[in-house]
Amino acid sequence: MNYRKLILNRLLDKYERSSAYKGAASTNRRILINLCSDEFPEYNIEDTPTKDLINSVVMDLEREGLIGFEWMRFEKGNIISRVWLNLDALQEAYRQAERVPKRKHVENALVLVQEAKSRIASSWIRSFLEDAQAWLEQKLSIPPFLPEDSELLQNLLKVLLFIDVKGEDELLERVFSLRCFGDSKYFEKNLRRRLLSIIKKYWQEEDLQAGEWTDDEILSLIGIVKAPEQVEFCGNMLASIQGRVADFTPLIHGVAINTPTIRDMAILELPTVKRILFIENKANYVDYVFKKRNPDELVIYHGGFYSPVKGLFFKKIYEVACRCGITFYHWGDMDLGGFQIFKRLKTRIIPTLQPYLMDVDAFTSVKRFWQSFDEKYAQALQKLLYDPDYSEFHPLIKVMLKEKARVEQEAFLSYE
């Protein structure tokens, strides 16, 4: 073992965590390690050859002016008590430890972050980079969301720049990785988790922090998807696609359209439709379309937290339907995520949205399918009682808290 490098690196680790590294005006505290402690378990005084070898290395480092040391009381020449770093010889200590100074890492990272920030237009990415810059400048360390490794840092910034330039275009995750790095799996292996953490903190979406979004749903917000996005619906609809009229009315078992179609499509009319029902769960959507849909209903599969392209489709539907006095309903899970999905759709797109089978009567009717939740979940649910955006669900939430139970939509498939 190279005890010279080991001693220097242990001391430099402590230095880089100290106030001296951060430029404290004056400090009398030495950067030291106690050899006879857990700080340096390699120094085993019962192993005489190893102890003598480390003693020799320490004395050599002192002669070179890199460190100082002292013997244990009454053990001079035998057992070393502690060693400390000579701050006047830092540059040589780093050289012999074959280590790049932390300050150099920080300076390089700061240049990269500032350069990326100058090219970014997206407000959420700029906010992240501004915070990263402030951390680098003030704390002289790499912030939590940035990789320590320089290559990974450059590639993360490359991802953010690509997302910014890409705009609203939707890409499959592996195609996105291939375009960025020439490797379809690099993003997933090295940067996916870190990017998700950044989006959760900086994307302008208050419910992201609640933990109900899946990772795929979060990435879909920035147009990175695992599979091509589709919207499924069933009902009377006339639309224009690149100047040609499409009538979806005869498709009584439902239809799915993809992202380019959604973007190109203009909805012309919803003939005879009196009610539009969004359904969160796929099995419930299929069951409702096949067994329960009335001719005057347009039924739309909502899924989880909707992506930008689904949101675009919902807006197009709303713009036509609101002029005709059509009523809107949403059917979702009676749980934290279901309430948040309803609230997001109502506050962002459809202000007249009403819940369907999401009340106390519906909840109690499927009691045998209740699922229990813990205290942490209860606390998150309790907070909704103080938010007027969830007022439709306040009576239901009170019962759920009393019973400590929630219900998923699938319960109604068995019930009915």
Considering every residue within region 349-364, establish whether at least one is farther than 13 Å from L396 by Cβ and either assigned to a helix (DSSP H, G or I) or not assigned by TED's automatic domain parsing to the domain that holds I267 (or both). no
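On the given criteria, is K398 farther than 30 Å from D287 by Cα and part of a helix (DSSP H, G or I)? Full working, then the answer.
On the way: farther than 30 Å from D287 by Cα: no; part of a helix (DSSP H, G or I): yes.
When the stated conditions are applied, K398 does not pass them.
Consider region 77-121. How many of its residues are among the acidic types (D, E) and assigned to a loop (DSSP other than H, G, I, E, B)? Break it down into steps so the answer makes sense when it comes.
Step one: filter region 77-121 for residues among the acidic types (D, E), giving 88, 92, 98, 107, 115.
Retained after the next criterion (residues that are assigned to a loop (DSSP other than H, G, I, E, B)): 98.
So the answer is 1.
In region 61-87, which residues are of a type in the set (K, R) and either buried (at least 18 other Cβ atoms within 10 Å of the Cβ) or under 20 Å from D13 (Cβ atoms) (or both)?
Of all residues in region 61-87, those of a type in the set (K, R) come to 63, 73, 76, 82.
If the condition is that a residue be of a type in the set (K, R) and either buried (at least 18 other Cβ atoms within 10 Å of the Cβ) or under 20 Å from D13 (Cβ atoms) (or both), then R82 is the only one that fits.
Of these, F373, F363, which one is among the aromatic types (F, W, Y) and over 31 Å from the mean Cα position of the chain (by Cα)? Can you show your working first?
On the way: F373 fails: over 31 Å from the mean Cα position of the chain (by Cα).
Checking each option against the conditions leaves just F363.
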Within region 30-37, can one find any residue that is surrounded by 14 or more Cβ atoms within 10 Å (Cβ to Cβ), basic (K, R) and touching a Gly at 6+ places or on another chain (Cβ under 9 Å)? yes
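Would you pick out the residues in region 122-157 that are of a type in the set (G, A, S), assigned to a loop (DSSP other than H, G, I, E, B) and within 20 Å of the chain's Cα centre (by Cα)? Reasoning before the result, please.
Pass one, region 122-157, residues of a type in the set (G, A, S): 122-123, 127, 132, 134, 141, 150.
Those left that are additionally assigned to a loop (DSSP other than H, G, I, E, B): 122, 141.
Matches in region 122-157: S122 only.
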From the options E151, E137, residue that is under 23 Å from P101 (Cβ atoms) and without any contact (Cβ under 8 Å) to a residue 12 or more places away in the chain: E151
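Conditions (1) surrounded by 15 or more Cβ atoms within 10 Å (Cβ to Cβ); (2) at pLDDT below 95; (3) farther than 30 Å from G223 by Cβ, marked per residue:
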| site | (1), (2), (3) |
| --- | --- |
| A89 | yes, yes, yes |
| V100 | no, yes, yes |
| E115 | no, no, no |
| S123 | no, yes, no |
Restricting attention to region 408-416, does a residue exist that is under 27 Å from the mean Cα position of the chain (by Cα) and assigned to a helix (DSSP H, G or I)? no
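Could you say which residue among A227, A283, A266, A256 is assigned to a loop (DSSP other than H, G, I, E, B), surrounded by fewer than 17 Cβ atoms within 10 Å (Cβ to Cβ) and either among the small types (G, A, S) or over 32 Å from the mean Cα position of the chain (by Cα) (or both)?
After ruling out the rest, the residue left standing is A227.
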Residue hits (region 402-416; without any contact (Cβ under 8 Å) to a residue 60 or more places away in the chain and crowded, with 17+ Cβ neighbours inside 10 Å) are A405, A411
Selection from region 295-317 of residues over 30 Å from the mean Cα position of the chain (by Cα) and of a type outside the set (A, V, I, L, M) yields P295, D296, E297
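State whether the residues of region 300-310 include one that is assigned to a helix (DSSP H, G or I), touching a His at 6+ places or on another chain (Cβ under 7 Å) and surrounded by 20 or more Cβ atoms within 10 Å (Cβ to Cβ).
The answer is no; no qualifying residue exists.
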Just one of the numbered conditions (1) charged (D, E, K, R); (2) in contact (Cβ under 8 Å) with a residue 12 or more places away in the chain; (3) within 26 Å of F369 (Cα to Cα) is not true of R275; which one? (3)
Could you tell me whether region 189-201 includes any residue that is touching a residue at least 24 places away in the same chain (Cβ under 8 Å), among the small types (G, A, S) and under 30 Å from A380 (Cα atoms)? yes
Under the condition of being of a type in the set (S, T, Y) and outside any helix (DSSP H, G or I), which residue from region 6-37 is modelled with the lowest pLDDT? S26
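The values are calculated or read from the model by the stated rules, or taken from the named source; none is laboratory data. Bear in mind the structure is a predicted one, so any value in this text is a computation, not a measurement. Positions of Cβ are backbone-derived with ideal geometry, glycine not excepted, and every protein chain shown enters the neighbour counts.
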